[in-house]
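What follows is a set of notes on a single structure, which appears directly below.
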């Protein structure tokens, strides 16, 4: 944190609460559009540049995929944390009640790339395939990924079958301790 020239939001002087509030709500939606829910989006994990009033979000270890069974709950909690903080600290209440879970529109697959909790390998592969089909490709290299996958695909399918053995719940890819615990099963 000392490398970032900013203050925690809880301590920062905010010149335009309405503008900052809007920016933070847009960030929540932007993360979700990339498949991620921060999970702890609050005044302790948002830094604010004093001069520009631009926020910097920190502390992502608890992030989850929008595919996670608790994603909607965590999304709503992140929104409510900011809403209640702005009401208490700045006496600011937004005109609209959003954003809402129904406002989330996926455009990216960052949750798959970072293996966020709540997305299985099988889901990540299906999601990446879908995004390649619906999104314009920047290079032709992505077209060859599946053809070159041969042995790796068979290994991934085996991993996916292992994932399906836990009562139909998504595998949570997390810390080394979680991975070790899963291997012991």
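A quick yes/no check of all residues on (1) without any contact (Cβ under 8 Å) to a residue 60 or more places away in the chain; (2) surrounded by fewer than 18 Cβ atoms within 10 Å (Cβ to Cβ); (3) closer than 15 Å to residue 87 by Cα:
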{"site": "3", "(1), (2), (3)": "yes, yes, no"}
{"site": "17", "(1), (2), (3)": "no, yes, yes"}
{"site": "21", "(1), (2), (3)": "no, no, yes"}
{"site": "30", "(1), (2), (3)": "yes, yes, no"}
{"site": "40", "(1), (2), (3)": "yes, no, no"}
{"site": "50", "(1), (2), (3)": "yes, yes, no"}
{"site": "60", "(1), (2), (3)": "yes, yes, no"}
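Taking the stated definitions as given, is residue 87 out of contact with any helix residue (DSSP H, G or I) (no Cβ under 8 Å at 6 or more places or on another chain), buried (at least 17 other Cβ atoms within 10 Å of the Cβ) and in the same structural domain as residue 38 (by TED's automatic domain parsing)?
no
Do any helices (runs of 4 or more DSSP H) lying entirely in segment 1-113 carry at least 2 residues that are within 13 Å of the chain's Cα centre (by Cα) and modelled with pLDDT of 95 or more, and which ones are they?
The helices (runs of 4 or more DSSP H) meeting that bar are 17-33, 71-90.
The values are calculated or read from the model by the stated rules, or taken from the named source; none is laboratory data. Keep in mind that what you see is a predicted model, and the values were worked out from it rather than measured. A quick note on method: Cβ atoms are made from the backbone with ideal geometry, for glycine too, and the neighbour counts reach across all protein chains shown.
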